[in-house]
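**Q** Here it is, the structure, as structure tokens.
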Amino acid sequence: MIFWAMAPADPTLSVHRSSHGLKKAAKHIGNMTLVIEDIARSENRITLSDSTDRDGIPLAHTYHDLSADLINRWDQRMAEGQAIFRAAGGN
């Protein structure tokens, strides 16, 4: 699972197409990427459908639920990321 966020440190900042506006915005924007892997579970799987596409190839169905452990790690990492942004002066 990958989550990517980009947020302005100054919520009143508006970006214009001018070079000056982009330079100003670049000083007030931060981004962070969060990557978390879940443990393989037999409930999560890919199956083939009886339905086919126009070339006769069976359609795939995916089944995926997040484990409680992954959800807890996600929440913890998001809180850590927000704390880092705030410590750096973000809102």
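**Q** Going through segment 33-91, which GluC sites (Glu not before Pro) have at most 16 other Cβ atoms within 10 Å and a DSSP loop state?
**A** Answer by residue number: Glu37, Glu43.
**Q** For every other residue with a beta carbon closer than 10 angstrom to the beta carbon of Arg73, add +1 if it is Lys or Arg and -1 if Asp or Glu, then tell me the sum. All intermediate terms of the calculation are to be shown ahead of the outcome.
**A** On the way: positive: Arg77; negative: Glu37, Asp38, Asp69, Asp75.
So the environment of Arg73 carries a net charge of -3.
**Q** Report, by chain and number, residues whose modeled amide H sits under 5 Å from the one on Met32, excluding near sequence neighbours (fewer than 5 apart, same chain).
**A** When sequence neighbours closer than 5 places are left aside, the close amide H contacts are Ala5.
Each reported figure results from applying straightforward, stated rules to the coordinates on display, with no laboratory input. All figures in this text were calculated on a predicted structure; none of them were measured in a lab. So basically every Cβ, Gly included, is an ideal-geometry build from the backbone, and we count neighbours across all protein chains shown.
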